[in-house]
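A short worksheet on the structure shown next.
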Amino acid sequence: MKRCVERFLIVTPRIVSPAGVSPRIHQPFGSIIVLTEAKRCGFDVILFDSAVEGLKKNILDSSYNPREIENLEGINYWKTGLRIEEIITRVASINPDVIGLSCSNVSERNEVAKLATALKKSLSSIPLVLGGYEASLWYKEILGNTQFPIDEIPAIDFVVVGPGQPVINNLLLYLSDSTKYDLPKGVATRINNKVVFRGLPRFDYNRYSVADFTLLPKIKIVGRLKPLDFYSYVGNPHAGKLEIILGSKNISYFPITTSYGCGFNCSFCDADKKLRRYKLENVIRMIDAFESLYGIDYIDFMDNNFGGGNQDSRFLAFDILAQIKKSGYQIGFSNGLTFESMAREDHRLIRQFADYGNVRHIAFPCENGNDRILRMIRKPHDIELVKKTLVFSSNVLQKTNREGFFIGGFPKTSGKLAETPQELENTYHFIRYCLEKGFLHQAIFLTLSPVTKEYRFLWRKLYPNASFEHCLFSRKTGIWPYPNVLLDEMHEKVKLINEQLGRLVTRKL
Ligand code: SF4
(Lines give C-alpha, C1' and ligand atoms only; values in the text may rest on other atoms or scores of the structure.)
Protein backbone atom coordinates (compact mmCIF):
# COMPACT_ATOMS: atom_id res chain seq x y z
CA MET A 1 0.00 0.00 0.00
CA LYS A 2 1.24 3.51 -0.84
CA ARG A 3 0.47 6.75 0.99
CA CYS A 4 2.01 10.17 1.32
CA VAL A 5 4.01 10.35 4.57
CA GLU A 6 5.40 13.79 5.26
CA ARG A 7 4.09 14.91 8.63
CA PHE A 8 4.73 12.83 11.74
CA LEU A 9 3.04 13.85 14.98
CA ILE A 10 3.67 12.42 18.45
CA VAL A 11 0.92 12.88 21.02
CA THR A 12 1.64 12.38 24.71
CA PRO A 13 -1.40 11.59 26.89
CA ARG A 14 -2.90 13.50 29.80
CA ILE A 15 -0.99 13.12 33.05
CA VAL A 16 -2.49 10.96 35.77
CA SER A 17 -2.04 11.54 39.49
CA PRO A 18 -3.94 10.45 42.59
CA ALA A 19 -6.66 13.02 43.43
CA GLY A 20 -5.14 15.75 45.58
CA VAL A 21 -1.58 15.24 44.32
CA SER A 22 -0.16 17.74 41.81
CA PRO A 23 1.00 15.80 38.78
CA ARG A 24 4.67 15.76 37.97
CA ILE A 25 5.00 17.04 34.44
CA HIS A 26 8.32 16.51 32.75
CA GLN A 27 9.82 16.70 29.30
CA PRO A 28 8.83 13.76 27.09
CA PHE A 29 12.48 13.10 26.28
CA GLY A 30 11.83 9.81 24.47
CA SER A 31 9.34 11.48 22.12
CA ILE A 32 11.71 14.37 21.50
CA ILE A 33 14.63 12.18 20.46
CA VAL A 34 12.45 10.12 18.12
CA LEU A 35 11.05 13.28 16.52
CA THR A 36 14.59 14.65 16.26
CA GLU A 37 15.65 11.62 14.25
CA ALA A 38 12.56 11.76 12.01
CA LYS A 39 13.26 15.45 11.39
CA ARG A 40 16.89 14.67 10.53
CA CYS A 41 15.58 12.18 7.96
CA GLY A 42 13.50 14.87 6.29
CA PHE A 43 10.04 14.48 7.84
CA ASP A 44 7.97 17.36 9.15
CA VAL A 45 7.61 16.66 12.89
CA ILE A 46 5.42 18.01 15.69
CA LEU A 47 5.14 17.23 19.40
CA PHE A 48 1.68 17.56 20.94
CA ASP A 49 1.79 17.27 24.71
CA SER A 50 -1.83 16.95 25.83
CA ALA A 51 -1.04 17.89 29.44
CA VAL A 52 0.90 21.01 28.49
CA GLU A 53 -1.74 22.06 25.95
CA GLY A 54 -4.40 21.86 28.68
CA LEU A 55 -2.32 23.98 31.04
CA LYS A 56 -1.61 26.51 28.28
CA LYS A 57 -5.32 26.76 27.54
CA ASN A 58 -5.93 27.49 31.21
CA ILE A 59 -3.36 30.32 31.09
CA LEU A 60 -5.18 31.91 28.14
CA ASP A 61 -8.64 31.32 29.63
CA SER A 62 -8.73 31.00 33.41
CA SER A 63 -12.30 29.63 33.31
CA TYR A 64 -10.97 26.51 31.57
CA ASN A 65 -10.24 23.71 34.03
CA PRO A 66 -7.38 21.52 32.77
CA ARG A 67 -8.06 18.95 35.45
CA GLU A 68 -10.73 16.30 35.34
CA ILE A 69 -11.56 14.00 38.25
CA GLU A 70 -12.09 10.42 37.21
CA ASN A 71 -13.43 7.80 39.56
CA LEU A 72 -12.03 4.37 38.81
CA GLU A 73 -13.45 1.50 40.82
CA GLY A 74 -14.19 3.85 43.71
CA ILE A 75 -10.83 5.68 43.68
CA ASN A 76 -10.49 9.25 42.41
CA TYR A 77 -7.69 10.32 40.08
CA TRP A 78 -6.77 13.66 38.58
CA LYS A 79 -6.33 13.70 34.82
CA THR A 80 -4.47 16.84 33.79
CA GLY A 81 -4.56 18.13 30.23
CA LEU A 82 -6.93 18.53 27.31
CA ARG A 83 -10.04 16.32 27.20
CA ILE A 84 -9.91 13.49 24.66
CA GLU A 85 -12.39 15.22 22.30
CA GLU A 86 -10.28 18.40 22.38
CA ILE A 87 -7.16 16.40 21.53
CA ILE A 88 -8.93 14.80 18.56
CA THR A 89 -10.01 18.20 17.20
CA ARG A 90 -6.50 19.61 17.54
CA VAL A 91 -4.86 16.54 16.01
CA ALA A 92 -7.26 16.67 13.05
CA SER A 93 -6.33 20.31 12.45
CA ILE A 94 -2.60 19.40 12.43
CA ASN A 95 -3.41 16.92 9.67
CA PRO A 96 -0.64 14.37 10.30
CA ASP A 97 0.15 11.46 7.99
CA VAL A 98 1.25 9.21 10.86
CA ILE A 99 0.38 9.57 14.55
CA GLY A 100 2.71 8.36 17.26
CA LEU A 101 1.42 7.90 20.80
CA SER A 102 3.69 7.71 23.77
CA CYS A 103 3.19 5.39 26.74
CA SER A 104 6.13 5.66 29.07
CA ASN A 105 4.71 4.22 32.27
CA VAL A 106 1.86 2.01 33.43
CA SER A 107 -0.31 4.88 34.71
CA GLU A 108 -0.70 6.07 31.11
CA ARG A 109 -2.06 2.79 29.72
CA ASN A 110 -5.72 3.65 30.25
CA GLU A 111 -5.40 7.18 28.86
CA VAL A 112 -3.49 5.89 25.83
CA ALA A 113 -6.12 3.20 25.19
CA LYS A 114 -8.95 5.76 25.30
CA LEU A 115 -7.06 8.22 23.13
CA ALA A 116 -6.07 5.59 20.55
CA THR A 117 -9.65 4.32 20.33
CA ALA A 118 -11.01 7.84 19.80
CA LEU A 119 -8.32 8.68 17.22
CA LYS A 120 -9.01 5.51 15.27
CA LYS A 121 -12.73 6.27 15.26
CA SER A 122 -12.31 9.85 13.99
CA LEU A 123 -9.19 9.57 11.85
CA SER A 124 -9.39 5.95 10.82
CA SER A 125 -7.09 6.16 7.80
CA ILE A 126 -4.07 7.43 9.77
CA PRO A 127 -1.71 4.72 11.10
CA LEU A 128 -1.32 4.73 14.88
CA VAL A 129 2.12 3.86 16.26
CA LEU A 130 2.69 3.35 19.97
CA GLY A 131 6.11 3.82 21.59
CA GLY A 132 7.61 4.38 25.03
CA TYR A 133 9.10 2.27 27.77
CA GLU A 134 5.84 0.72 28.97
CA ALA A 135 4.74 -0.03 25.41
CA SER A 136 8.07 -1.74 24.69
CA LEU A 137 7.81 -4.03 27.69
CA TRP A 138 4.17 -4.99 27.06
CA TYR A 139 3.88 -4.91 23.26
CA LYS A 140 2.56 -8.47 22.96
CA GLU A 141 -0.27 -7.84 25.39
CA ILE A 142 -1.10 -4.46 23.80
CA LEU A 143 -1.36 -6.14 20.41
CA GLY A 144 -3.71 -8.78 21.78
CA ASN A 145 -1.56 -11.67 22.92
CA THR A 146 -3.00 -11.78 26.45
CA GLN A 147 -5.51 -13.59 28.61
CA PHE A 148 -6.66 -10.24 30.07
CA PRO A 149 -8.79 -8.18 27.63
CA ILE A 150 -7.94 -4.94 29.48
CA ASP A 151 -4.31 -5.28 28.29
CA GLU A 152 -5.18 -5.02 24.61
CA ILE A 153 -5.49 -1.79 22.57
CA PRO A 154 -7.04 -2.87 19.25
CA ALA A 155 -6.74 0.66 17.80
CA ILE A 156 -2.94 0.51 17.86
CA ASP A 157 -1.50 -0.60 14.52
CA PHE A 158 2.21 -0.79 15.41
CA VAL A 159 4.30 -0.81 18.57
CA VAL A 160 7.91 0.36 18.58
CA VAL A 161 9.82 -2.06 20.78
CA GLY A 162 12.99 -0.64 22.35
CA PRO A 163 14.56 2.67 21.35
CA GLY A 164 12.69 4.50 18.60
CA GLN A 165 15.62 6.39 17.05
CA PRO A 166 17.04 3.53 14.94
CA VAL A 167 13.54 2.51 13.85
CA ILE A 168 11.55 5.61 13.01
CA ASN A 169 12.93 6.41 9.56
CA ASN A 170 12.45 2.85 8.31
CA LEU A 171 8.98 2.66 9.82
CA LEU A 172 7.83 5.90 8.18
CA LEU A 173 9.24 4.68 4.85
CA TYR A 174 7.42 1.36 5.30
CA LEU A 175 4.18 3.23 6.00
CA SER A 176 4.69 5.30 2.86
CA ASP A 177 5.05 2.21 0.66
CA SER A 178 4.72 -1.27 2.13
CA THR A 179 5.21 -2.80 -1.32
CA LYS A 180 8.70 -1.35 -1.50
CA TYR A 181 9.87 -1.56 2.14
CA ASP A 182 9.72 -4.39 4.69
CA LEU A 183 8.32 -4.08 8.19
CA PRO A 184 11.48 -2.90 9.98
CA LYS A 185 13.15 -4.54 12.93
CA GLY A 186 12.14 -2.98 16.24
CA VAL A 187 8.46 -2.77 15.24
CA ALA A 188 5.72 -5.19 16.28
CA THR A 189 2.35 -5.47 14.57
CA ARG A 190 -0.60 -7.82 14.13
CA ILE A 191 -0.80 -9.96 11.01
CA ASN A 192 -3.70 -12.41 10.71
CA ASN A 193 -4.43 -11.97 14.42
CA LYS A 194 -0.88 -12.93 15.34
CA VAL A 195 1.74 -10.64 16.86
CA VAL A 196 4.68 -10.32 14.48
CA PHE A 197 8.05 -8.99 15.64
CA ARG A 198 11.35 -9.52 13.85
CA GLY A 199 13.74 -8.60 16.66
CA LEU A 200 15.65 -5.47 17.62
CA PRO A 201 17.85 -3.45 15.26
CA ARG A 202 21.46 -2.57 16.00
CA PHE A 203 21.62 0.60 18.03
CA ASP A 204 24.55 2.92 18.61
CA TYR A 205 23.41 5.21 21.42
CA ASN A 206 25.98 7.86 20.67
CA ARG A 207 24.83 8.29 17.09
CA TYR A 208 21.46 9.64 18.14
CA SER A 209 22.03 11.33 21.46
CA VAL A 210 21.48 15.05 20.85
CA ALA A 211 17.83 15.99 21.01
CA ASP A 212 16.27 18.92 19.18
CA PHE A 213 15.00 20.94 22.13
CA THR A 214 13.34 23.50 19.85
CA LEU A 215 10.48 20.97 19.75
CA LEU A 216 9.65 21.62 23.41
CA PRO A 217 6.73 23.91 24.26
CA LYS A 218 8.00 27.19 25.71
CA ILE A 219 6.78 30.38 27.37
CA LYS A 220 8.07 33.95 27.51
CA ILE A 221 8.70 35.25 31.04
CA VAL A 222 8.82 39.00 31.67
CA GLY A 223 12.35 40.04 32.60
CA ARG A 224 13.93 36.83 31.34
CA LEU A 225 16.02 37.09 28.20
CA LYS A 226 15.42 33.55 26.96
CA PRO A 227 12.07 31.76 27.02
CA LEU A 228 11.49 29.07 29.62
CA ASP A 229 10.58 25.59 28.50
CA PHE A 230 7.04 24.90 29.68
CA TYR A 231 8.05 22.03 31.98
CA SER A 232 10.35 24.31 33.95
CA TYR A 233 7.57 26.90 34.05
CA VAL A 234 5.12 24.39 35.59
CA GLY A 235 7.82 23.69 38.16
CA ASN A 236 6.85 20.25 39.44
CA PRO A 237 9.30 17.96 37.67
CA HIS A 238 10.72 14.65 38.79
CA ALA A 239 12.91 16.37 41.38
CA GLY A 240 9.81 17.82 43.09
CA LYS A 241 9.49 21.36 44.42
CA LEU A 242 12.75 22.86 43.25
CA GLU A 243 11.95 26.31 44.55
CA ILE A 244 12.21 24.83 48.06
CA ILE A 245 15.54 23.15 47.34
CA LEU A 246 17.03 26.10 45.45
CA GLY A 247 15.14 28.95 47.10
CA SER A 248 14.14 30.72 43.86
CA LYS A 249 11.38 30.65 41.23
CA ASN A 250 11.21 30.22 37.45
CA ILE A 251 14.17 27.87 37.53
CA SER A 252 15.25 26.56 34.14
CA TYR A 253 15.45 22.87 34.88
CA PHE A 254 17.33 20.56 32.57
CA PRO A 255 16.74 16.84 33.20
CA ILE A 256 19.62 15.01 31.60
CA THR A 257 20.19 11.33 30.96
CA THR A 258 23.86 10.54 30.46
CA SER A 259 23.43 6.78 30.59
CA TYR A 260 20.76 4.14 30.08
CA GLY A 261 20.00 1.20 32.32
CA CYS A 262 21.53 0.17 35.59
CA GLY A 263 23.53 -3.05 35.64
CA PHE A 264 21.62 -4.42 38.64
CA ASN A 265 18.40 -6.39 38.72
CA CYS A 266 16.18 -5.40 41.64
CA SER A 267 12.86 -7.23 41.70
CA PHE A 268 10.68 -4.11 41.86
CA CYS A 269 12.48 -1.91 39.31
CA ASP A 270 11.95 -2.04 35.56
CA ALA A 271 15.11 -0.11 34.63
CA ASP A 272 17.00 -1.67 31.75
CA LYS A 273 19.45 -4.19 33.15
CA LYS A 274 22.40 -3.18 30.98
CA LEU A 275 24.26 0.07 31.73
CA ARG A 276 25.31 2.07 28.65
CA ARG A 277 26.73 5.58 28.51
CA TYR A 278 26.85 8.53 26.18
CA LYS A 279 30.26 9.89 25.29
CA LEU A 280 31.37 13.01 27.14
CA GLU A 281 31.21 15.16 23.99
CA ASN A 282 27.58 14.16 23.45
CA VAL A 283 26.66 15.01 27.03
CA ILE A 284 28.28 18.42 26.57
CA ARG A 285 26.44 18.93 23.26
CA MET A 286 23.12 18.16 24.98
CA ILE A 287 23.81 20.68 27.73
CA ASP A 288 24.99 23.34 25.27
CA ALA A 289 21.93 22.82 23.07
CA PHE A 290 19.54 23.32 26.00
CA GLU A 291 21.56 26.22 27.41
CA SER A 292 21.53 28.13 24.13
CA LEU A 293 17.72 27.93 23.87
CA TYR A 294 16.52 28.29 27.45
CA GLY A 295 19.49 28.86 29.74
CA ILE A 296 20.09 26.40 32.58
CA ASP A 297 19.81 27.04 36.30
CA TYR A 298 19.81 23.44 37.43
CA ILE A 299 20.72 20.08 35.92
CA ASP A 300 18.98 17.01 37.28
CA PHE A 301 20.59 13.67 36.44
CA MET A 302 17.94 11.11 35.53
CA ASP A 303 20.40 8.23 35.20
CA ASN A 304 19.57 5.04 37.05
CA ASN A 305 23.16 4.39 38.07
CA PHE A 306 25.19 7.51 37.31
CA GLY A 307 28.37 6.51 39.15
CA GLY A 308 28.17 2.78 38.47
CA GLY A 309 29.52 0.30 35.96
CA ASN A 310 33.10 -0.68 35.24
CA GLN A 311 36.18 1.51 35.56
CA ASP A 312 35.71 3.13 32.11
CA SER A 313 32.12 3.91 32.95
CA ARG A 314 33.20 5.54 36.22
CA PHE A 315 35.89 7.60 34.47
CA LEU A 316 33.23 8.98 32.18
CA ALA A 317 30.95 9.87 35.10
CA PHE A 318 33.77 11.77 36.83
CA ASP A 319 34.68 13.53 33.57
CA ILE A 320 31.06 14.68 33.21
CA LEU A 321 31.05 16.02 36.77
CA ALA A 322 34.30 17.91 36.17
CA GLN A 323 33.01 19.47 32.98
CA ILE A 324 29.74 20.52 34.61
CA LYS A 325 31.57 22.03 37.56
CA LYS A 326 33.69 24.04 35.10
CA SER A 327 30.49 25.41 33.53
CA GLY A 328 29.20 26.47 36.96
CA TYR A 329 25.92 24.53 37.05
CA GLN A 330 24.02 23.48 40.17
CA ILE A 331 23.07 19.82 39.97
CA GLY A 332 21.02 17.09 41.62
CA PHE A 333 20.23 13.39 41.41
CA SER A 334 16.49 13.01 41.85
CA ASN A 335 16.50 9.51 40.39
CA GLY A 336 18.90 8.37 43.09
CA LEU A 337 22.46 7.10 43.12
CA THR A 338 23.21 3.51 44.02
CA PHE A 339 24.88 3.07 47.40
CA GLU A 340 27.34 0.76 45.70
CA SER A 341 28.50 3.60 43.43
CA MET A 342 28.61 6.13 46.27
CA ALA A 343 30.63 3.91 48.59
CA ARG A 344 33.13 2.63 46.04
CA GLU A 345 36.80 3.79 46.23
CA ASP A 346 36.38 5.10 49.75
CA HIS A 347 33.31 7.23 48.86
CA ARG A 348 35.10 8.86 45.95
CA LEU A 349 31.85 10.08 44.37
CA ILE A 350 30.68 11.76 47.57
CA ARG A 351 34.12 13.27 48.15
CA GLN A 352 34.05 14.67 44.64
CA PHE A 353 30.62 16.20 45.27
CA ALA A 354 31.94 17.78 48.47
CA ASP A 355 34.95 19.16 46.63
CA TYR A 356 32.85 20.70 43.85
CA GLY A 357 30.14 21.99 46.21
CA ASN A 358 27.47 22.19 43.49
CA VAL A 359 25.20 19.24 44.40
CA ARG A 360 21.92 20.55 45.81
CA HIS A 361 19.87 17.38 46.06
CA ILE A 362 20.47 13.63 46.25
CA ALA A 363 17.81 10.94 46.52
CA PHE A 364 19.22 8.06 48.58
CA PRO A 365 17.38 4.86 47.58
CA CYS A 366 17.63 3.09 50.98
CA GLU A 367 14.45 1.09 50.15
CA ASN A 368 14.04 -0.95 53.33
CA GLY A 369 15.20 -1.32 56.90
CA ASN A 370 15.82 -5.08 56.79
CA ASP A 371 18.79 -6.93 55.34
CA ARG A 372 16.60 -9.95 54.63
CA ILE A 373 14.25 -7.90 52.45
CA LEU A 374 17.13 -6.12 50.71
CA ARG A 375 18.59 -9.51 49.80
CA MET A 376 15.21 -10.83 48.70
CA ILE A 377 14.58 -7.91 46.33
CA ARG A 378 18.17 -8.23 45.01
CA LYS A 379 19.17 -4.75 46.15
CA PRO A 380 22.94 -4.28 45.77
CA HIS A 381 23.42 -2.92 49.30
CA ASP A 382 22.84 -3.84 52.93
CA ILE A 383 21.96 -1.74 55.98
CA GLU A 384 25.60 -1.43 56.99
CA LEU A 385 26.54 0.09 53.63
CA VAL A 386 23.55 2.43 53.76
CA LYS A 387 24.49 3.65 57.24
CA LYS A 388 28.15 4.17 56.38
CA THR A 389 27.30 6.11 53.23
CA LEU A 390 24.66 8.25 54.93
CA VAL A 391 26.98 9.08 57.82
CA PHE A 392 29.81 9.99 55.45
CA SER A 393 27.50 12.09 53.26
CA SER A 394 25.97 13.92 56.20
CA ASN A 395 29.47 14.90 57.35
CA VAL A 396 30.73 16.23 54.03
CA LEU A 397 27.55 17.25 52.18
CA GLN A 398 25.82 19.32 54.81
CA LYS A 399 24.32 21.76 52.31
CA THR A 400 23.01 19.07 49.96
CA ASN A 401 19.35 18.20 50.47
CA ARG A 402 19.54 14.50 51.33
CA GLU A 403 16.27 12.72 50.70
CA GLY A 404 15.80 9.08 51.70
CA PHE A 405 13.52 6.67 49.89
CA PHE A 406 11.96 3.64 51.54
CA ILE A 407 9.54 1.03 50.24
CA GLY A 408 7.27 -1.45 51.99
CA GLY A 409 4.75 -4.09 50.95
CA PHE A 410 6.97 -6.72 49.31
CA PRO A 411 5.17 -9.99 48.59
CA LYS A 412 6.84 -13.38 48.44
CA THR A 413 9.69 -12.93 45.95
CA SER A 414 11.87 -15.60 44.31
CA GLY A 415 10.45 -18.17 46.72
CA LYS A 416 11.41 -16.11 49.81
CA LEU A 417 8.89 -15.24 52.51
CA ALA A 418 7.00 -11.97 52.09
CA GLU A 419 7.78 -8.93 54.23
CA THR A 420 6.20 -9.20 57.69
CA PRO A 421 4.48 -6.45 59.73
CA GLN A 422 7.46 -6.57 62.12
CA GLU A 423 9.83 -5.91 59.21
CA LEU A 424 7.67 -2.96 58.17
CA GLU A 425 8.01 -1.64 61.71
CA ASN A 426 11.80 -2.14 61.51
CA THR A 427 11.84 0.07 58.41
CA TYR A 428 9.99 2.76 60.33
CA HIS A 429 12.56 2.64 63.15
CA PHE A 430 15.36 2.86 60.62
CA ILE A 431 13.77 5.91 58.97
CA ARG A 432 13.32 7.54 62.36
CA TYR A 433 16.93 6.82 63.29
CA CYS A 434 18.27 8.31 60.01
CA LEU A 435 16.19 11.46 60.40
CA GLU A 436 16.82 12.00 64.11
CA LYS A 437 20.57 11.52 63.71
CA GLY A 438 20.55 14.01 60.83
CA PHE A 439 21.81 11.45 58.30
CA LEU A 440 18.86 12.42 56.08
CA HIS A 441 17.02 15.73 55.75
CA GLN A 442 13.75 14.17 54.68
CA ALA A 443 12.28 10.72 54.13
CA ILE A 444 9.65 9.40 51.77
CA PHE A 445 7.86 6.13 52.31
CA LEU A 446 6.34 4.40 49.28
CA THR A 447 4.27 1.30 48.89
CA LEU A 448 5.42 -1.22 46.33
CA SER A 449 3.99 -0.57 42.85
CA PRO A 450 3.78 -3.87 40.97
CA VAL A 451 5.30 -2.52 37.75
CA THR A 452 7.84 -5.25 36.92
CA LYS A 453 6.77 -8.41 35.15
CA GLU A 454 7.61 -10.34 38.31
CA TYR A 455 4.94 -8.48 40.31
CA ARG A 456 2.62 -7.26 37.52
CA PHE A 457 1.34 -10.73 36.63
CA LEU A 458 0.63 -11.34 40.30
CA TRP A 459 -1.39 -8.12 40.44
CA ARG A 460 -3.26 -8.74 37.19
CA LYS A 461 -4.26 -12.23 38.27
CA LEU A 462 -5.73 -10.80 41.47
CA TYR A 463 -7.49 -7.95 39.65
CA PRO A 464 -8.14 -9.03 36.03
CA ASN A 465 -10.18 -5.89 35.26
CA ALA A 466 -8.54 -3.25 37.47
CA SER A 467 -7.60 0.04 35.83
CA PHE A 468 -3.87 0.43 35.23
CA GLU A 469 -3.80 3.66 37.24
CA HIS A 470 -4.05 1.60 40.44
CA CYS A 471 -0.86 -0.24 39.58
CA LEU A 472 1.58 2.69 39.60
CA PHE A 473 -0.11 4.62 42.35
CA SER A 474 -0.31 1.60 44.60
CA ARG A 475 -4.04 1.68 45.06
CA LYS A 476 -5.94 -1.56 45.21
CA THR A 477 -2.87 -3.62 44.46
CA GLY A 478 -3.74 -6.49 46.77
CA ILE A 479 -0.28 -7.99 46.42
CA TRP A 480 0.90 -6.46 49.69
CA PRO A 481 1.39 -9.23 52.21
CA TYR A 482 -0.48 -7.67 55.16
CA PRO A 483 -3.54 -5.42 55.71
CA ASN A 484 -3.37 -2.11 53.79
CA VAL A 485 -4.11 -0.26 57.00
CA LEU A 486 -0.55 -1.00 58.19
CA LEU A 487 0.86 0.74 55.12
CA ASP A 488 -1.54 3.67 55.57
CA GLU A 489 -0.34 4.00 59.17
CA MET A 490 3.26 3.84 58.00
CA HIS A 491 2.67 6.72 55.55
CA GLU A 492 1.20 8.78 58.37
CA LYS A 493 3.99 7.95 60.80
CA VAL A 494 6.71 8.90 58.30
CA LYS A 495 4.86 12.10 57.45
CA LEU A 496 4.59 12.91 61.15
CA ILE A 497 8.24 12.32 61.94
CA ASN A 498 9.25 14.63 59.06
CA GLU A 499 6.88 17.26 60.47
CA GLN A 500 7.96 16.82 64.10
CA LEU A 501 11.57 17.33 63.11
CA GLY A 502 10.66 20.35 60.97
CA ARG A 503 11.76 18.70 57.72
CA LEU A 504 10.27 19.92 54.46
CA VAL A 505 9.27 17.11 52.12
CA THR A 506 9.95 18.38 48.62
CA ARG A 507 8.04 15.85 46.60
CA LYS A 508 4.97 13.73 46.97
CA LEU A 509 4.91 10.44 45.10
S1 SF4 B 1 19.90 -0.44 41.71
FE2 SF4 B 1 18.23 1.06 41.49
S3 SF4 B 1 18.08 1.50 39.29
FE4 SF4 B 1 19.28 -0.38 39.54
S5 SF4 B 1 17.81 -2.05 39.29
FE6 SF4 B 1 18.02 -1.60 41.50
S7 SF4 B 1 16.38 -0.08 41.94
FE8 SF4 B 1 16.66 -0.16 39.70
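The values are calculated or read from the model by the stated rules, or taken from the named source; none is laboratory data. Just so it is clear, the structure is predicted and the values come from calculations on it, not from any experiment. No Cβ is skipped: glycine too gets one built from the backbone with ideal geometry, and neighbour counts run over all protein chains shown. Note: areas computed on protein heavy atoms with side chains; ligands, DNA, RNA excluded. Shrake-Rupley method; radii C 1.70, N 1.55, O 1.52, S 1.80 Å.
Across region 252-311 the C-alpha pair distances fall into 10 Å bins from zero in the proportions 22, 44, 26, 8, 0 percent. Unpaired Cys in the chain, meaning no second Cys C-beta under 4.7 Å: Cys4, Cys41, Cys103, Cys262, Cys366, Cys434, Cys471.
Projecting each Cα onto the charge dipole of the chain (Lys/Arg +1, Asp/Glu -1 at the beta carbon, about the Cα centre), which of Phe406, Gln147, Pro96 comes out farthest on the positive side? Value: Pro96. Summary of the geometry: region 45-66 and region 389-426, compared by the centres of their Cα atoms, lie 38 Å apart. With protein chains left intact and a 1.4 Å probe, residues in the chain average 42 Å² of accessible area per residue. Largest first, the residues Asp229, Asp371 sort by 1.4 Å accessible area into Asp371, Asp229. Distance between the C-alpha centres of region 255-306 and region 99-150: 26 Å, rounded to the whole angstrom. With the convex hull of its Cα atoms as the shape, the chain has an orientation-averaged projected area of 23.4 nm². Listed values for region 359-373 are Karplus-derived 3J(HN,Hα) couplings in whole Hz (6.51 cos²θ - 1.76 cosθ + 1.60, θ = phi - 60°), namely 8, 9, 7, 9, 8, 9, x, 5, 6, 7, x, 9, 4, 4, 5, and x replaces Gly and Pro.
Mean residue ellipticity, 222 nm, helices only, the chain: the sum of -39500 (n - 2.57) across DSSP H runs of n ≥ 4, divided by residue count and rounded to 500, is -11500 deg cm²/dmol. Split the accessible area of region 218-500 by element, probe 1.4 Å, and carbon with sulfur accounts for 53%. Among beta bridges from DSSP that stay inside the chain, the antiparallel ones total about 40%. In order along region 220-229, phi translates into HN-Hα couplings of 8, 10, 4, x, 10, 5, 9, x, 9, 5 Hz, rounded to whole numbers, per the Karplus curve 6.51 cos²θ - 1.76 cosθ + 1.60 with θ = phi - 60° and x for Gly and Pro. Mind listing which trypsin sites (Lys or Arg not before Pro) in region 371-480 are in a DSSP loop and have 12 or fewer other Cβ atoms within 10 Å? Qualifying residues, ordered by number: Lys399, Lys437. Remark: relative contact order (region 7-204) = 19 percent; criterion is Cα-Cα distance under 8 angstrom and separation of 6 or more residues.
Taking the Kirkwood radius as the inverse of the mean 1/r across Cα pairs, report the Rg/Rh of region 180-221. For region 180-221, the value is 1.23. Positive end of the dipole of the chain (Cβ unit charges, origin at the Cα centre): among Ser122, Ser341, Gln330, the Cα lying farthest that way belongs to Ser341. Rounded to the nearest 20 debye, the dipole size of region 190-260 about its Cα centre is 260 debye, using +1 on the Cβ of Lys and Arg and -1 on the Cβ of Asp and Glu. Simple rule: put +1 on each Lys or Arg Cβ and -1 on each Asp or Glu Cβ in the chain, find the dipole, and look at Ser176, Leu435, Val106; the Cα lying farthest toward the positive end is Ser176.
The string of couplings for region 262-270 from the Karplus curve (6.51, -1.76, 1.60, θ = phi - 60°) is 10, x, 10, 9, 5, 5, 9, 10, 9 Hz, one whole number per residue in order, with x for Gly and Pro. Here region 7-204 has 49 percent of its accessible surface on carbon and sulfur atoms, given a 1.4 Å probe and all protein chains in place. Could you give the angle, 0 to 90 degrees to the nearest 10, between helix 339-356's Cα long axis and the longest principal axis of the Cα atoms of the chain? Roughly 90 degrees, rounded to the nearest 10. The charge dipole of the chain, taken about its Cα centre with unit charges on the Cβ of Lys, Arg, Asp and Glu (plus for the first two, minus for the last two), comes to roughly 400 debye. Each Lys and Arg Cβ is given +1 and each Asp and Glu Cβ -1; about its Cα centre, region 101-208 then shows a dipole of about 240 debye. Short-range pairs are left out: with C-alpha atoms under 8 Å and at least six residues apart, the relative contact order of the chain is 12 percent. Over region 218-500, the ratio between the Cα radius of gyration and 2.2 N^0.38 Å evaluates to 1.04. When the trypsin sites (Lys or Arg not before Pro) in region 60-136 are filtered for DSSP coil states and for at most 15 other beta-carbon atoms within 10 Å of their beta-carbon, the remaining sites are Arg83. Accessible surface comparison of Arg224, Arg507, Arg7, probe 1.4 Å, protein chains only, largest first: the order is Arg7, Arg224, Arg507. Computed over region 7-204, the alpha-carbon pair-distance distribution with 5 angstrom bins reads 1, 8, 16, 20, 21, 16, 10, 5, 3, 1, 0, each value a whole percent.
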